[in-house]
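The values are calculated or read from the model by the stated rules, or taken from the named source; none is laboratory data. Keep in mind it's a predicted model, so treat the numbers as computed, not measured. Neighbour counts are summed over all protein chains in view; Cβ atoms, including those assigned to glycine, are modelled from backbone coordinates with ideal geometry. Note: accessible area is taken over every heavy atom of the protein model, side chains too, but ligands, DNA and RNA are not part of it. Shrake-Rupley method; radii C 1.70, N 1.55, O 1.52, S 1.80 Å.
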Amino acid sequence: MSLSSLFALTLPTTVPLQGFLAVAAVLFCTGVWGLINSRNAVRVLMSIELMLNGVNINLMAFSSYLDGQLIRGQVFTIFVITVAAAEAAVGLAILLSLYRNRDTVDMERFNLLRW
């Protein structure tokens, strides 16, 4: 019996739903932590993207688990990815504009809307 056949017999063929949920929870919690603790605006945008990716993993996992033949979760995930791409483009454009005017991306130094 070879080593590759031994591993083929012991490894599961599918990943359970709990595995996807654990990965999604780690991504989402990492995004929340980065959103709360970061002062850099680029890191805040990256944290929001991590949170959205965690949500997308949940949508795909539940869609595959609950209705394997229908593609409702996949379609909704495509919409979330589209909105996330637009959010990233608009957010980076705003950050570039702020950086040109203020020469910083520190969130605590942005006071454009204060009275």
_Residue identified as farther than 25 Å from residue 91 by Cα and in contact with a helix residue (DSSP H, G or I) (Cβ under 6 Å, 6 or more places away or on another chain) among 38, 63_ = 63
*Report, by residue number, each residue of the range 59-75 that is hydrophobic (A, V, I, L, M, F, W, C) and in a helix (DSSP H, G or I).*
59, 60, 61, 62, 66, 75
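If you check residue 79 against the conditions, is it more than 13 Å from the chain's Cα centre (by Cα), more than 16 Å from residue 23 (Cα to Cα) and not small (Gly, Ala, Ser)?
Values: more than 13 Å from the chain's Cα centre (by Cα): yes; more than 16 Å from residue 23 (Cα to Cα): yes; not small (Gly, Ala, Ser): yes.
Yes: the conditions hold for residue 79.
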*Any residue in the range 78-94 that's within 19 Å of residue 41 (Cβ to Cβ): show its pairings with residues that are assigned to a helix (DSSP H, G or I) at Cβ separation under 6 Å, as long as the two are six or more apart or on different chains.*
84/52; 91/45
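Do we have residue 28 as assigned to a helix (DSSP H, G or I), more than 30 Å from residue 109 (Cα to Cα), aromatic (Phe, Trp, Tyr) and without any contact (Cβ under 8 Å) to a residue 60 or more places away in the chain here?
The answer is no for residue 28.
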*asked:* Quick check on the range 69-89. Is at least one of its residues among the acidic types (Asp, Glu), in contact with a Gly (Cβ under 9 Å, 6 or more places away or on another chain) and surrounded by 13 or more Cβ atoms within 10 Å (Cβ to Cβ)?
replied: no
*Of the numbered conditions (1) surrounded by fewer than 13 Cβ atoms within 10 Å (Cβ to Cβ); (2) at pLDDT 95 or above, residue 54 fails exactly one; give the number of that condition.*
(1)
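Where residues in the range 31-47 are in contact (Cβ under 8 Å) with a residue 40 or more places away in the chain and assigned to a helix (DSSP H, G or I), which of them is most open to solvent (accessible area, probe 1.4 Å)? If you could, list the steps in order and put the result at the bottom.
The first filter runs over the range 31-47 and keeps only residues in contact (Cβ under 8 Å) with a residue 40 or more places away in the chain, leaving 38-42, 44-45.
Checking which are assigned to a helix (DSSP H, G or I) leaves us with 41-42, 44-45.
Numbers: 41: 5, 42: 59, 44: 21, 45: 33 Å².
In this case the residue turns out to be 42.
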